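Please treat every number below as a calculation from the coordinates, not as lab data. What you see is a predicted model, and the numbers here were worked out from it, not measured in a lab.
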Amino acid sequence: MIMSRGLSKSLANASVSLKLAIGFGLVLLMTLMISATGWFSNQALIDRGDRVTAIAQVNELTLQLRINRMSYEALYNAETAAQVRSTLDQLDAALQSARNLLRSPENLQLLDAQTQATRDYRQSFEDMSKAIETREASRSQMGENADKAVDQADRIEAELLKADNILAFNGIVGVSKLIQQARFQVRGYTYSGRPDFEKDANKAIDDAVTGINTLAGDISSDYSPMLQQAIAGLNGYRAAVGKYRDAQAASKAALEKMTTLGVSMLDTSNDLIIRQNKSRDADSAKSVTMIAAATALALVLSILAAWVITRQITTPLQETLEVVERVASGDLSRNLKVDRKDELGKLQATIQRMTVSLRELVGGIRDGVTQIASAAEELSAVTEQTSAGVNSQKVETDQVATAMHEMTATVQEVARNAEEASQAAVAADRQARDGERVVNEAIAQIERLASSVGNSSEAMGALKQESDKIGSVLDVIKSVAEQTNLLA
């Protein structure tokens with residue numbers, strides 16, 4: 001919780017550009033994570049496909065080896081033998097390539113077994129090749145020894161025919177038939193390979209030897225060397241049949257071993273393919289799971305980051321907007337608490353300073369308006385007093401004017417009196433002097449009255465100027481009041 005608060009405070013103090021960079025950076029990071037997950041999953045599937053391909057190649061070469069071995073078994077020539085050896089070489093290379101790709105101990109163990117089976121197969125094939133070579137050589141020996149025995153019998157038969165020894169001739173003819181019978185039995189054995197045919201062949205050879213020994217007692221000893229050579233040929237013939245039998249047995253044993261090894265190699269290859277297919281399916285499911293998990297995590301983190309950053313930006317903006325709306329509506333009483341250092345915090349601090357300044361300004365204006373109102377009241381009282389003085393002065397002025405009119409009438413009357421006095425100057429000299437004094441006093445009084453009237457005019461002008469100034473001040477006060485109302 002404390003860590004969350006600290007992180008929230010640190011994020012609040014970060015600049016808006018940094019917040020946006022963090023938000024978009026998280027989105028890019030999540031995108032990169034999904035891409036990396038997909039790439040690694042795809043790479044794993046590709047690697048698994050390479051392993052399956054390598055094992056499939058091993059299986060294909062194992063089948064090809066079986067086909068080439070059967071061809072060699074049927075033809076027994078150098079070309080088919082070379083094909084078998086070439087396939088074995090390719091199989092060794094394929095096994096080594098597969099070993100470089102596989103990592104599982106079980107798969108490596110199967111490959112080791114396959115490699116050992118391939119070595120044993122190669123050895124069995126070499127043993128079979130040698131046995132077949134020996135068998136074919138013994139076949140040649142059989143033919144040579146049989147031909148040797150037949151040649152000696154033919155020579156004896158020809159000489160006995162010349163000697164006109166019918167009994168001995170019939171005996172050698174019987175021996176020749178026994179030799180031909182032996183060759184026939186041996187040929188049947190070599191073509192069939194059956195053990196009972198071998199017994200018949202050996203018995204036929206023994207019968208031929210017995211016939212020659214019997215004939216040796218019936219004919220001249222001069223034929224003994226040829227008869228011995230015929231017997232030696234038959235003995236060699238019999239020995240060659242034995243070699244053939246042994247070579248055939250060795251070849252058959254090698255063939256049976258290769259057949260067993262071939263089946264084992266195919267089973268191992270199929271087992272490897274099944275394992276790789278299962279691993280491929282597991283890798284595919286794992287890849288789908290990883291991509292789905294990465295996508296879900298990216299969505300959750302992106303939504304969370306968007307929510308946090310949105311709150312970090314919109315919440316202070318909303319608070320600032322509320323304060324601005326309050327200020328716009330004339331409410332300057334609310335203080336905005338600023339505890340962040342980003343651009344929004346600076347904006348809030350500026351709004352707070354503006355609010356305080358406006359509050360102080362409005363307070364000052366309110367105090368000024370109060371003072372102006374007080375001054376206006378005082379000015380109103382002074383104006384009323386001035387108005388009363390002006391009215392009083394007006395009354396006095398009216399009285400002076402009345403007095404002046406009366407004085408004028410008096411002057412006119414005095415003039416008439418003076419004219420009368422002038423006419424009666426002599427008679428009323430004294431009264432004239434008294435009238436002159438009165439006139440002088442009246443003139444002085446008129447001058448003083450004129451002076452008072454002048455002073456009154458100046459006072460009225462000054463009063464008018466003061467009234468104009470008061471009007472100007474009132475206009476200023478009215479303008480300030482209007483501005484104050486507008487500002488409020």
Check: How large is Rg/Rh for the range 15-300, to two decimals, with Cα atoms and a Kirkwood Rh?
Finding: 1.44
Next item on the list: Can you bin the range 102-154 into rounded, prolate or oblate? Criterion: square roots of the alpha carbon gyration tensor eigenvalues sorted a ≥ b ≥ c, rounded for a/c under 1.5, prolate for a/b above b/c, oblate for the rest.
Entry: prolate
Item checked: Entries in K148/K177; K177/K203; K130/K203 that, when Cα-Cα distance is taken, lie over 18 Å -> K130/K203
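Hey, any idea what the orientation-averaged projected area of the convex hull of the range 31-166's Cα atoms comes to, in nm²? Walk me through the numbers on the way to the answer.
On the way: hull surface 46.6 nm².
Value for the range 31-166: 11.7 nm².
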